[in-house]
Protein chains: 2
Amino acid sequence: MKISVGISNHHVHLNEEDYRLLFGDTVMEKRNDLKQPGMFASTLQVSVEGPKGRMDRFRVLGPLRGYTQVEISKTDSYSLGVNPPVRNSGDLADAVPIKIIGPNGEIERNACIIATRHIHVDKKIREEHNLVGVEKVKVQKVGEKGAILDDVYLKDSEEAYFELHLDTDDANALLLKQDDELEIVE
Amino acid sequence: MKISVGISNHHVHLNEEDYRLLFGDTVMEKRNDLKQPGMFASTLQVSVEGPKGRMDRFRVLGPLRGYTQVEISKTDSYSLGVNPPVRNSGDLADAVPIKIIGPNGEIERNACIIATRHIHVDKKIREEHNLVGVEKVKVQKVGEKGAILDDVYLKDSEEAYFELHLDTDDANALLLKQDDELEIVE
């Protein structure tokens with residue numbers, strides 16, 4: 001079964017309170033829709049800082065959520081000097097501290113993770129693709145720097161666009177570009 | 001069969017002529033030995049520059065070779081704005097142009113590649129590990145962000161240290177550290 005790839009660059013989700021601390025009264029505006037229904041990239045960016053360094057231009061995704069989360073790659077983690085766990089989005093129990101810097105102020109939160117490899121699904125997609133009851137799959141890239149990636153979690157939402165999300169480390173290791181197609185093999 | 005991982009950060013090999021253009025009369029000194037017999041990291045560094053950006057502190061490896069070669073990751077290629085092919089070391093037929101900047105001068109060479117995943121072997125290692133006549137294998141990382149990587153080429157030399165070389169994209173995608181052990185699976 002084929003699935004198209006969405007490459008997730010490092011980015012930030014914010015809750016209402018942290019958004020206000022970083023951006024004050026600025027209204028969040030949409031830059032562009034993402035493929036997941038309702039999700040969008042805003043026009044706003046923040047910087048993030050760890051013990052070893054600072055990185056600028058982290059995109060703030062919308063809409064606001066119930067939690068603040070900074071998703072980075074392992075490569076980023078060496079630049080920042082942090083050691084985040086690999087976690088599904090929203091699972092922040094042992095997320096590591098990170099400073100987030102906006103135009104209106106800065107905050108430090110236990111919010112930094114490396115996101116798991118995941119595929120967005122909903123009830124209808126699971127039924128159509130014979131994925132009912134499946135927790136995780138493997139995906140294969142055939143060709144130059146090919147690989148089979150384990151532990152690709154199925155992530156449910158009310159209404160999803162069927163897409164594989166990989167971080168920039170996985171994508172670059174396999175020479176993948178946005179919308180490339182991989183094969184679900186297990 | 002187990003094999004230990006050596007992570008290759010981006011680096012530069014130089015021929016005698018290019019070494020002189022970049023470093024003049026400076027004698028190349030060893031910083032530390034590498035595991036491959038005779039190979040070493042020198043104390044010298046260069047900068048490399050592509051159409052989109054410059055990166056500093058590329059280590060010059062020794063000894064000098066018959067060719068000049070800049071090995072980068074796909075991640076680096078986006079920073080530099082180059083699109084190098086994936087090639088075995090020394091196969092520079094369609095390597096892409098890159099500028100190399102040293103204290104004594106700068107040069108531009110068709111020298112930039114992404115190195116293939118490879119395992120260093122010699123005749124004795126091939127015999128001991130049942131790898132006689134094998135061109136390439138697959139290697140597996142079990143555990144968090146696990147994967148099977150294809151197209152791991154066996155690279156012969158007169159005397160080798162049996163080790164898997166991966167670039168930083170592959171290593172970071174699989175959360176690997178220097179000297180981690182993977183399994184040769186095919």
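A quick yes/no check of all residues on (1) away from chain B (no Cβ under 14 Å); (2) out of contact with any Lys or Arg (no Cβ under 7 Å at 6 or more places or on another chain); (3) touching a residue at least 40 places away in the same chain (Cβ under 8 Å):
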residue	(1), (2), (3)
A:98	yes, no, yes
A:105	yes, yes, yes
A:108	yes, no, no
A:116	no, no, no
A:123	yes, yes, no
A:128	yes, yes, no
A:147	no, no, no
A:153	no, no, yes
A:171	no, yes, yes
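Taking the stated definitions as given, is residue A:27 over 15 Å from residue A:8 (Cα atoms), open to solvent by 60 Å² or more (accessible area, probe 1.4 Å) and free of Cβ contacts under 8 Å to residues at least 60 places away in the same chain?
Yes, satisfied.
For every residue, the table says whether it meets (1) touching a residue at least 24 places away in the same chain (Cβ under 8 Å); (2) within 14 Å of another protein chain (Cβ to nearest Cβ); (3) loosely packed, with under 14 Cβ neighbours inside 10 Å.
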| residue | (1), (2), (3) |
| --- | --- |
| A:36 | yes, no, no |
| A:42 | no, no, no |
| A:47 | yes, no, no |
| A:55 | yes, yes, no |
| A:58 | yes, no, no |
| A:64 | yes, no, no |
| A:69 | yes, no, no |
| A:73 | yes, yes, no |
| A:79 | yes, yes, no |
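What is the number of the single condition among (1) within 17 Å of the chain's Cα centre (by Cα); (2) in a loop (DSSP other than H, G, I, E, B) that residue B:153 does not meet?
So residue B:153 meets the others, but not (2).
Against the conditions (1) within 13 Å of another protein chain (Cβ to nearest Cβ); (2) in contact with a helix residue (DSSP H, G or I) (Cβ under 9 Å, 6 or more places away or on another chain); (3) open to solvent by 60 Å² or more (accessible area, probe 1.4 Å), where does residue B:136 fall short? Just the number, please.
Exception for residue B:136: condition (2).
Looking at the stretch A:160-169, which of the residues that are within 13 Å of chain B (Cβ to nearest Cβ) and outside any helix (DSSP H, G or I) is nearest to residue A:142 (Cα to Cα)?
The residue in question is A:166.
Hey, among A:35, A:52, which residue is closer than 22 Å to residue A:98 by Cβ and either over 12 Å from the mean Cα position of the chain (by Cα) or in a loop (DSSP other than H, G, I, E, B) (or both)?
Of the residues listed, the single one that is closer than 22 Å to residue A:98 by Cβ and either over 12 Å from the mean Cα position of the chain (by Cα) or in a loop (DSSP other than H, G, I, E, B) (or both) is A:52.
The values are calculated or read from the model by the stated rules, or taken from the named source; none is laboratory data. Not measured: the values here are computed from a predicted model. Backbone-built Cβ (ideal geometry, glycine too); neighbour counts: all protein chains shown. Keep in mind that these areas ignore ligands, DNA and RNA; they rest on the heavy atoms of the full protein, side chains included. Shrake-Rupley method; radii C 1.70, N 1.55, O 1.52, S 1.80 Å.
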